[in-house]
1. How big is the range 39-106 by Rg and Dmax over its Cα atoms, in Å?
2. With the Cα gyration tensor of the range 1-48 in hand, convert its eigenvalues to equivalent ellipsoid semi-axes via √(5λ) and list them largest first in whole Å.
3. Report, ordered by chain and residue number, the lysines lying within cross-link reach of residue 189, taken as a straight Cα distance under 17 Å and ignoring same-chain residues fewer than 8 apart.
4. Counting C-alpha atoms alone, how compact is the chain: give Rg to one decimal and Dmax as a whole number, in angstrom.
5. Give, to the nearest whole percent, the P(r) tail of the range 84-192 beyond 19 angstrom, counting all Cα pairs.
6. Between helix 133-145 and the chain, what is the angle of the helix's C-alpha long axis to the longest principal axis, kept within 0 to 90° and rounded to the nearest 10?
7. How much net charge surrounds residue 46 when only the other residues with a Cβ under 9 Å from the Cβ of residue 46 are counted, with Lys and Arg +1 and Asp and Glu -1?
8. Using Cβ contacts closer than 10 Å as the measure, can you line up 56, 157, 189 from fewest to most?
Amino acid sequence: MSRTGNVHRKTGETDVAVALDLDGGPRDVSTGVGFFDHMLAALAVHGGLGLTVRAKGDLEVDCHHTVEDVGIALGQALGQALANKAGLRRYGSAYIPMDEALGFCALDLSGRAFLVFSAAFPEERVGAFDTCMTEEFFRALAMNAGVTLHLECRYGKNSHHMIEALFKAFAHALRDAAAMEGGGVLSSKGVL
């Protein structure tokens, strides 16, 4: 069974292509925003994902449209890859320390989109990445993938470490939730 998703999203602000394989594969990310590339690469490695992202956006404005549209496309690709939820573990959670920062993620591959996000970043930017875009990225991903997603940076002093802890916590929680255990859909209703 193929657990892949492919999305091409083109707007007046961005041109984004995402290829995702939940079971691994090549990893190649290029968005024009160096720190964001670093976070997406960490997501792929720690999530055990095959991930290709090609994004061109109006970076002369700022990183907002590029980051958000990658989140939309990645969320849609994840939704495609999870289309048949039979046999999924469904739930995942992880605490990830990154030096002085501690990130936490809990998620449910329920088909019900929701985001709870709690993090107060001390710096406004990490490189060309606006730290406020961390929440926007995960909101776009959760809403387009149909994932109930709770993310919290319990504490930290360095925005780079705090954001990286959140991306890695999400990756590990997703890896667990997307694991195949066999059987039907994990729900007393019989459907998700």
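1. Cα only, the range 39-106: 14.9, 45 Å (Rg, Dmax).
2. For the range 1-48, the ellipsoid semi-axes come out as 20, 16, 6 Å.
3. 85
4. Radius of gyration, then largest Cα-Cα span, for the chain: 15.7, 50 Å.
5. Cα-Cα pairs of the range 84-192 separated by over 19 Å account for 45 percent.
6. 20
7. Overall, the nearby charge balance is +2.
8. 189, 157, 56
Where a number appears in this text, it was derived from the coordinates with a stated rule and is not lab data. From a predicted model like this one, the values you see are computed outputs, not experimental measurements. Glycine also receives a Cβ, built like all others from the backbone with ideal geometry; neighbour counts cover every protein chain displayed.
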